[in-house]
Structure formats: C-alpha cells, structure tokens
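The values are calculated or read from the model by the stated rules, or taken from the named source; none is laboratory data. Note that the structure is predicted; figures quoted are calculated from it, not measured. A quick note on method: Cβ atoms are made from the backbone with ideal geometry, for glycine too, and the neighbour counts reach across all protein chains shown.
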C-alpha cells in the first residue's frame, strides 16, 4: 500500500512537471508533436529508473559508508552523465529497434533536471531501494503523461488562425500548461 | 573589451529570462515571493561568476573532447560549496523554500550556455564580467516574476503587507498555475513589443 501511495504521489499528486516545475526544457521544447513527446517521455522514464537505482546503491554503499555525503551533487551528476552515455552505446549494440526510437532523446537527457531531482529526492526522503525505484517510475509516468497531454493540446490549437500573434509559440504553451496544472491540483484531494 | 557593454548585454539585449527564455525550472518554481526570487538569482549568479572564471582560466589546458565533463565537475564543485555556505549562514526558512533548486543549479542551462559560448573563448576577467551581467539579468527576471506573483497572490511585496483584505488575494498566483500564467503573460507582452519594433518574436 505504501508503495502504491508513493507511485500515485509521484505521478499525479506531486507531478514533477506541473506541480514541482522540473524538466521544463524538454516539456516545452519537445512537446510540439505527440509521437516525439511520447518518445521523450519513455526515454526519461527509462533513464530515471536506471539512474535512481544506481545513485541509490552508490549513495548507500559508498557515500554513507565513507561519510562523504557532501560529495552527493558531484557524484550524482557524473553517474547520470555516464549512465546516459553507457545506455546509448549499449542500446545501439543490443537493442537497435529501441535505440532507433529513443536514441535521439538520450543526449538531451543528461542535462535534464528532472532526472537529477528525482535522485536527490530519493536520498532526501531516505527511501529504500524499492521505494526509490517506485518513486522514479511514478515520476517518469507523471512526466510522460504531462508531456503527451500538452503535445495533444498543442497539436489541436496549432495553426489556428484565431490565436493572436503575440500568443503564438511559448506564451500559448505556457497558458495551456497553467490550465493543466490547475487540473492536476485536483488530484491533491485523492489521498 | 567594453565591460559595461558586456553587463548591459546580459541584463537587456540578451536577457536570459525574457529574451532567451532559459532555465524555466527555477524561474517558475522559486518565484513565489520576491525574497526567494532574489536569493535564488544571486546564488545562481555567484556560481556563474566562479565557474566561468575558473573554466576560462583553464580553457587552454583542457582538451576539447573532455571540455564538457570538466565543466560539469567544476560547476558541481562550486554548487557544493554554495550549498554548504547557504546551509551555514542563511535562515533555514529560505533554504527550505529553495530546497532542491540549489543543487539543481548544476543542470542550469544558462551556465552551460555561457560556458560554451563565452567562457571557453575569452579571458577569465571578461568571462567573469559576462557571467555577472547574465546573472544579474537572470536575477532581474526572477525578481519581476516574484514581485508580480507575491503581490497578486498574497498582497505583499518583500513580506510587507500592502493589501490586508484576504478576499482580494488571488491565491492561485502563488500556487503552481500562477507561475505559468505570469511568465506566459510577460513573454506575450515582450513578444508584442518586439514585433512592433520590427524584430522577430521569441
């Protein structure tokens, strides 16, 4: 039950994008088409779960053990960067189909703050390994949900001649995201 | 190198918030009040200046293949120092409200944009001045959004109450959706001003 609460909490109630404002760059940058948005979402979710597992193990068994927790920021960012590099090489060799789908998004993910944030949140909340994996899975699901929904909305209003010139592009996307954020606030009542 | 021009470039011509629209995460997340916004802006500026100075100083020693990795480590080092200093000297309330966004300065787009486009090509002092301009431009952007949200959302500026009638507070402005609406409206205004002047939109 506790794990289920963590999953729902990360995906809907404290949605990483619309409530906590993490991962804004890909959220507005890669949300013009729903297929690319879905690809980005799945890639983020994948990297997130792998990164959470690795950083969690590293934190528990090396940083805490040798009492060097203050190196957290440096160590985590290096782990994430190397995971992304490794995944790119690994997928290219062993899963070409998956690589063809997600490959283009992988380099973008290194500087994606939502991945880094979820690893720090796992440590701050003192989650166990299973809880950390569930949290990152929920965060990835929430990110995918938010970016695919926004892409759907943007496809609907795209090229609509009724939109005033000044609204075109980012402002309209920001207003759409704001309205989505209001909708997501409704989820706060479910626990 | 005209230093005044560099600073003006960061604050006005190439303002990272209103012109380049970068680093949306801290911009939307920590602007619930003017104080938070300024603290975040100055913290980012401090890291930006130190990192640009250091990277510019070692730019000729580092092979270009590993330049990004080295920059990441240098930035992460300065962010760690900043984290420890802020925890030691700032009131806990501010640290709590900025929370995770302090370590997240490591993945701030403005930092890497300045390192790649300026600090890796120019002398240390010029890079530091450029970083100061960009940092101040970012702080200004955060401050404007922070003041607007705090004023409409809690009827106050810098914690000083201006509108005491709580019925007229628009609470949504300090909640998540208000951040999107405020930034959207600001960019829209700048969009139309630039269009009127004949420039291209953002």
Item to check | Residue count for the range A:50-59, restricted to those that are touching a residue at least 60 places away in the same chain (Cβ under 8 Å) and surrounded by fewer than 19 Cβ atoms within 10 Å (Cβ to Cβ) | outcome: 2
Checklist entry - Among (1) more than 23 Å from residue A:43 (Cβ to Cβ); (2) free of Cβ contacts under 8 Å to residues at least 60 places away in the same chain, where does residue A:116 come up short? => result (1)
Checklist outcome for this item: Condition set within 12 Å of chain A (Cβ to nearest Cβ) and in contact with a helix residue (DSSP H, G or I) (Cβ under 6 Å, 6 or more places away or on another chain), scope the range B:88-107, selection surrounded by the fewest Cβ atoms within 10 Å (Cβ to Cβ): answer is B:100
Checklist outcome for this item: By my count, helices (runs of 4 or more DSSP H) wholly in the range B:37-130 with at least 1 residues that are at pLDDT 90 or above are B:67-89
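Condition check ((1) farther than 18 Å from residue A:45 by Cβ; (2) away from every other protein chain (no Cβ under 14 Å)) across all residues:
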| residue | (1), (2) |
| --- | --- |
| A:138 | no, yes |
| A:145 | no, yes |
| A:153 | yes, no |
| A:156 | yes, yes |
| A:169 | yes, no |
| A:185 | yes, no |
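Table: residues versus (1) buried (at least 16 other Cβ atoms within 10 Å of the Cβ); (2) within 20 Å of the chain's Cα centre (by Cα); (3) over 25 Å from residue A:17 (Cα atoms).
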site	(1), (2), (3)
B:113	yes, yes, no
B:119	yes, yes, yes
B:122	yes, no, yes
B:128	yes, yes, yes
B:131	yes, yes, yes
Checklist entry - So, of the residues in the range A:25-49 that are under 17 Å from residue A:117 (Cβ atoms) and buried (at least 23 other Cβ atoms within 10 Å of the Cβ), which turns out to be nearest to the chain's Cα centre (by Cα)? => result A:44
Checklist entry - Which residues, taken from the range A:124-136, are within 14 Å of chain B (Cβ to nearest Cβ) and either surrounded by 19 or more Cβ atoms within 10 Å (Cβ to Cβ) or not in a helix (DSSP H, G or I) (or both)? => result A:125, A:135
Next on the checklist: Checking residue B:148 against (1) more than 25 Å from residue B:57 (Cα to Cα); (2) touching a helix residue (DSSP H, G or I) at 6+ places or on another chain (Cβ under 8 Å); (3) not in a helix (DSSP H, G or I): exactly one of these is not met. Which one?
Outcome noted: (3)
Checklist entry - When both residues are 6+ apart or on different chains and their Cβ atoms are under 7 Å apart, which pairs have a first residue that lies in the range B:78-91 and is touching a residue at least 12 places away in the same chain (Cβ under 8 Å), and a second that is surrounded by 11 or more Cβ atoms within 10 Å (Cβ to Cβ) and outside any helix (DSSP H, G or I)? => result B:82/B:102; B:83/B:102; B:86/B:102
Checklist outcome for this item: Picked from the range B:26-36 (must be in a helix (DSSP H, G or I) and surrounded by 23 or more Cβ atoms within 10 Å (Cβ to Cβ)), the residue farthest from the other protein chains (Cβ to nearest Cβ) is B:34
Checklist outcome for this item: Apart from one, (1) outside any helix (DSSP H, G or I); (2) within 11 Å of the chain's Cα centre (by Cα) all hold for residue B:135; the odd one out is (1)
Checklist entry - Within the range B:154-187, how many residues turn out to be away from chain A (no Cβ under 14 Å) and in a helix (DSSP H, G or I)? => result 4
Checklist entry - Does residue A:179 qualify as being within 11 Å of chain B (Cβ to nearest Cβ), assigned to a helix (DSSP H, G or I), more than 14 Å from residue A:28 (Cα to Cα) and more than 17 Å from the chain's Cα centre (by Cα)? => result yes
